[in-house]
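Worksheet: the structure to be examined is printed underneath.
The values are calculated or read from the model by the stated rules, or taken from the named source; none is laboratory data. On a predicted model such as this, the values are computed, not experimentally measured, just so you know. With ideal geometry, Cβ positions are generated from the backbone for all residues, glycine too; neighbour counts draw on all protein chains shown.
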Amino acid sequence: MDSDEVWRTTDEQRASLADLIEAMTPEQWETPSLCEGWRVGDVAAHLTLAHTSWSTVMVEIVRARGSFDRMVHDTAVRAGGEPPAVYAERLRAMVGSRRRAPVVSPLEPMLDTIVHGQDMAIPLGIARPVPAQAAAVAAQRAWDMGFPFGAKRRLRGLRLEADDTNWAVGEDAPVVGPICALLLLVTGRTAAAVPHLTGAGTPLLAR
């Protein structure tokens, strides 16, 4: 995918997520997401913080005592007190923008919108189709990044193979399934991914 295709996909994901968020009930908003310790509403709030400035990031890192994970969690929770319609409006306002948070490539906003869309939709029992090519590009980016996913170390000894698009990484015991499930696996959503995977390496994911 070239840069225009990446941003076009990000825009499409943000627009459809705005529709999803706007229609949520209070009960859905409070439902635990796939992100441990995050409500669905916290994930929605996090998605609207993608334009955070460098100075704000530094302040929040200090506030979180140097912990990246704590910083991301705490900023989302603090931003999560508004009604769903507020976050839907904020996401729609981001459509068309190519602004990025500090030190991230154009691929991370796409990755975030795809994965966090599943973080919200799966616990709510909502089917949210993912474009296979974009999911493959996102999965490759997550695999290559190292931090914060640690996929190469965590999934050492496994060969991940998509059965719905041309994508494979790793070696040895095969783990086969749709690219959306493999993207969830690479980004640490193992429990949500495993039911959709097959292959000799799948039982090893219990590690």
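Within the set of pairs 6 or more residues apart or between chains, which connect a residue that is at pLDDT below 95 inside segment 129-147 to a residue that is buried (at least 23 other Cβ atoms within 10 Å of the Cβ) and not in a loop (DSSP other than H, G, I, E, B) with Cβ atoms less than 6 Å apart?
Within 6 Å, the pairs are Val130/Ile114; Val130/Cys180.
Of the residues in segment 24-44, how many are free of Cβ contacts under 8 Å to residues at least 40 places away in the same chain and either among the small types (Gly, Ala, Ser) or in contact with a strand residue (DSSP E or B) (Cβ under 6 Å, 6 or more places away or on another chain) (or both)?
2
Each row is one residue, and each column tells you yes or no for (1) buried (at least 18 other Cβ atoms within 10 Å of the Cβ); (2) modelled with pLDDT under 95; (3) acidic (Asp, Glu).
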{"position": "Met1", "(1), (2), (3)": "no, yes, no"}
{"position": "Val6", "(1), (2), (3)": "yes, no, no"}
{"position": "Glu12", "(1), (2), (3)": "no, no, yes"}
{"position": "Ala15", "(1), (2), (3)": "no, no, no"}
{"position": "Trp29", "(1), (2), (3)": "yes, no, no"}
{"position": "Ser33", "(1), (2), (3)": "yes, no, no"}
{"position": "Trp38", "(1), (2), (3)": "yes, yes, no"}
{"position": "Asp42", "(1), (2), (3)": "yes, yes, yes"}
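Look at Val59 and say whether it is more than 22 Å from Arg141 (Cβ to Cβ), in the same structural domain as Pro26 (by TED's automatic domain parsing), modelled with pLDDT of 70 or more and not hydroxyl-bearing (Ser, Thr, Tyr).
It is false that Val59 is more than 22 Å from Arg141 (Cβ to Cβ), in the same structural domain as Pro26 (by TED's automatic domain parsing), modelled with pLDDT of 70 or more and not hydroxyl-bearing (Ser, Thr, Tyr).
Of the numbered conditions (1) in contact (Cβ under 8 Å) with a residue 24 or more places away in the chain; (2) buried (at least 17 other Cβ atoms within 10 Å of the Cβ); (3) within 13 Å of the chain's Cα centre (by Cα), Ala181 fails exactly one; give the number of that condition.
Of the numbered conditions (1) in contact (Cβ under 8 Å) with a residue 24 or more places away in the chain; (2) buried (at least 17 other Cβ atoms within 10 Å of the Cβ); (3) within 13 Å of the chain's Cα centre (by Cα), the odd one out for Ala181 is (1).
Given the options Leu183, Leu111, Leu91, Leu124, name the one that is over 18 Å from Leu204 (Cβ atoms) and in the same structural domain as Glu12 (by TED's automatic domain parsing).
Leu91
For Val104, which of the numbered conditions (1) without any contact (Cβ under 8 Å) to a residue 12 or more places away in the chain; (2) more than 21 Å from Ala45 (Cβ to Cβ); (3) exposed (fewer than 14 other Cβ atoms within 10 Å of the Cβ) fails to hold?
Going through (1) without any contact (Cβ under 8 Å) to a residue 12 or more places away in the chain; (2) more than 21 Å from Ala45 (Cβ to Cβ); (3) exposed (fewer than 14 other Cβ atoms within 10 Å of the Cβ) one by one, Val104 breaks only (2).
What do you reckon, is Glu161 charged (D, E, K, R) and either assigned by TED's automatic domain parsing to the domain that holds His46 or under 27 Å from Val40 (Cβ atoms) (or both)?
The answer is no for Glu161.
Hey, can you tell me all the residues within segment 144-190 that are in contact with a Lys or Arg (Cβ under 8 Å, 6 or more places away or on another chain) and not in a strand (DSSP E or B)?
Passing the criteria: Gly146, Glu171, Asp172, Gly188.
Any residue at all in segment 127-135 that's part of a loop (DSSP other than H, G, I, E, B) and exposed (fewer than 14 other Cβ atoms within 10 Å of the Cβ)?
Yes: one or more hits.
Filter segment 44-56 down to the residues that are assigned to a helix (DSSP H, G or I) and surrounded by fewer than 18 Cβ atoms within 10 Å (Cβ to Cβ), then identify the one that is modelled with the highest pLDDT.
In this case the residue turns out to be Thr56.
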